[in-house]
1. Let's test the formula: R0 of 25 Å, r as the Cβ-Cβ distance of B:Glu17 and B:Ser111. What FRET efficiency results, to the nearest 0.05?
2. For the modelled label position 7 Å from the Cα of B:Gln83 along Cα-to-Cβ, which residues of the range B:8-27 have backbone nitrogen atoms closer than 14 Å?
3. Hey, any idea what the orientation-averaged projected area of the convex hull of chain B's Cα atoms comes to, in nm²?
4. Restricting to the protein assembly as shown, compute how many DSSP beta bridges are antiparallel as a %, nearest 5.
5. From the phi angles alone, apply the Karplus equation (6.51, -1.76, 1.60; θ = phi - 60°) to the range A:63-77 and give each ³J(HN,Hα) in whole Hz, x where the residue is Gly or Pro.
6. Counting DSSP beta bridges with both partners in the range B:1-74, what percentage is antiparallel, nearest 5?
7. Sorted by average packing, counted as other Cβ atoms within 10 angstrom per residue and highest first, what order do B:102-112, B:9-19, B:50-60 take?
8. Assuming a viscosity of 0.890 mPa s and a temperature of 25 °C, what translational diffusion coefficient in µm² per second does Stokes-Einstein assign to chain A, Rh being the Kirkwood radius over Cα pairs?
Amino acid sequence: GAGVSQSPSNKVTEKGKDVELRCDPISGHTALYWYRQSLGQGLEFLIYFQGNSAPDKSGLPSDRFSAERTGGSVSTLTIQRTQQEDSAVYLCASTETGGREGYTFGSGTRLTVV
Amino acid sequence: AQKITQTQPGMFVQEKEAVTLDCTYDTSDQSYGLFWYKQPSSGEMIFLIYQGSYDEQNATEGRYSLNFQKARKSANLVISASQLGDSAMYFCAMREGANSGYALNFGKGTSLLVTP
């Protein structure tokens, strides 16, 4: 597609339930990133995937968070046993390797845990 | 430690005036990249401008320019001839390392309001 696609755009879930957030990056982009943005805050890095390399999971806040990227394309971020503090906008970005170009972000998934 | 510092939580500027949004960074890498993004109320992140640490000239993109002062570790964004549509959050970000495989570290952002 023309841009980074994220689904769902909004998700309301009950505390304790698991959620899956999906990111479809720009075709050909080898690097994919997940960020979290809490209300009125900057972007917090969660995890990134680069080609077939092992992902950099250093930003994941707890073991309730995991992500996978299948076939070097679509990525799924899973949050298990959601807590109210998980409420945020989850943003996905992708980029080609090279450096000078900007990272293209999706529109995000707004997660609300009630 | 905070790698990107944006000291202005909010800024006002009158339409058609220029405005400077401050950004300082902290890194021990010699090779790094600096980015500015705009986030309007719709929430999308819009890439504005990039400056590489080895670039000798300040980056410019239309009405946006980056005042890069390497010794001071600052990368201020200058918006000339402000427009009402420039009202948004602005984030400064840094990528450390020689290739784009590294994640961006973002500052907390500056909220810009352009008034008529």
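Nothing in this text is a laboratory measurement; each read-out follows from the coordinates by a stated rule. Bear in mind that the values here come from a model prediction, so they are computed numbers and not experimental data. Cβ sites come from the backbone with ideal geometry, for glycine too, and all protein chains shown count toward neighbours.
1. Working: r = 17 Å, r/R0 = 0.67.
In this case the efficiency is close to 0.90.
2. Residues B:15-17 qualify, since their backbone N sits under 14 Å from the label point.
3. Values: hull surface 28.2 nm².
Over every viewing direction, the Cα hull of chain B projects on average to 7.1 nm².
4. Working: 66 of 75 bridges.
Given both bridge residues lie in the protein assembly as shown, the antiparallel proportion sits at roughly 90 percent.
5. Computed from phi, the couplings for the range A:63-77 are 6, 6, 9, 8, 8, 9, 9, 8, x, x, 10, 5, 10, 10, 9 Hz.
6. Numbers: 12 of 12 bridges.
In the range B:1-74, approximately 100 percent of DSSP beta bridges are antiparallel ones.
7. On the way: B:102-112: 21.5, B:9-19: 13.1, B:50-60: 14.9.
Put in order of decreasing packing, that is B:102-112, B:50-60, B:9-19.
8. Values: Rh = 14.1 Å.
Here the translational diffusion coefficient equals 174 µm²/s.
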